[in-house]
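Nothing in this text is a laboratory measurement; each read-out follows from the coordinates by a stated rule. Keep in mind it's a predicted model, so treat the numbers as computed, not measured. Ideal geometry is used to build each Cβ from the backbone, glycine not excepted, and the neighbour counts take in all protein chains shown.
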Amino acid sequence: MPRGRLPESVTMSEAFVDFRQVWLAYNDELLASNDFAVEDITVSTRAGEFIAIVGPSGCGKSTFMKLATGLKMPSRGTVHIDGQPVTGPLKIVGMAFQAPTLLPWRTTIDNVLLPLEIVEPYRSQFKARRAEFVERARRLLATVGLQGYEDKFPWQLSGGMQQRASICRALIHEPRMLLLDEPFGALDAFTREELWNVLRDLWTEQRFNVILVTHDLREAAYLADTVYVMSKRPGRILARREIDLPRPRDLDITYTDRFTALVHELRSRIGEIRKS
């Protein structure tokens, strides 16, 4: 994809996430010396699109996430989300990380409810609408297989259960966009694949935008509509690969020649980056 241009399949008016020639240096000293974490990033996604970002460690994947959430402002270029320029932290975003970071003194349901206690407009309505919010949390937990665990504490849950609760917490305020930073990286292979399907089903039902940062190329190919490959620091988008696997997908597809060839293609791009 040529730099500075949108993919032909996404027009400016359709774009939900829209990065235009974005560069970021983390402070003025680095900017003065042209030491950028990411450079010349142009990415555009449709509403409801699921994208994955892959690349070597330190390539700027997490920096991309900070720019998308408004936690960092670009040194050059522009970032628009849902047609609006990003000028600060966004309220329409939910986030989940590799570590579930559940508060150990709160039950599962109270951990899930936490965003509603701190994010407006829910915060000012929390006491009056608590029963409604609790029911919303219970339905969400049931959707990911945690019915009956609402009153358990984090230390009473397995790692996979904690990550399910973390995803529920990220979605409880019904965000337009979900950002996932290596959310399944610490889990065993069986649990990881199980949670791929949990995420798949939540996204299929609600169609929020997803930006998934992962080192797992199988995960990227299985879940995403589009995979972006980033270079070594300073991070640039080197390749954009639309995943032309039919939906709905199940794990059987990961054993097909077509899927294997796709993963090998992505792996070869990463290999080229490491050698360069």
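The table that follows gives values for the structure above.
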read-out	value
Filtered residues of segment 204-242 (kept if in a loop (DSSP other than H, G, I, E, B), closer than 17 Å to A68 by Cα and within 13 Å of the chain's Cα centre (by Cα))	F208, T214
Of the criteria (1) among the small types (G, A, S); (2) under 11 Å from A170 (Cα atoms); (3) surrounded by fewer than 18 Cβ atoms within 10 Å (Cβ to Cβ), which one A99 fails	(2)
Residue within segment 41-50 that is surrounded by fewer than 19 Cβ atoms within 10 Å (Cβ to Cβ), in a strand (DSSP E or B) and free of Cβ contacts under 8 Å to residues at least 60 places away in the same chain present	yes
Residues of segment 243-262 classified as outside any loop (DSSP other than H, G, I, E, B) and either touching a residue at least 60 places away in the same chain (Cβ under 8 Å) or touching a helix residue (DSSP H, G or I) at 6+ places or on another chain (Cβ under 7 Å) (or both), total	5
Residues of segment 146-184 classified as among the aromatic types (F, W, Y), buried (at least 18 other Cβ atoms within 10 Å of the Cβ) and not in a loop (DSSP other than H, G, I, E, B), total	0
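Okay, residues lined up against (1) assigned to a strand (DSSP E or B); (2) within 27 Å of D201 (Cα to Cα); (3) of a type in the set (K, R):
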| site | (1), (2), (3) |
| --- | --- |
| K72 | no, no, yes |
| T78 | yes, no, no |
| L90 | no, yes, no |
| K127 | no, no, yes |
| A131 | no, yes, no |
| R139 | no, yes, yes |
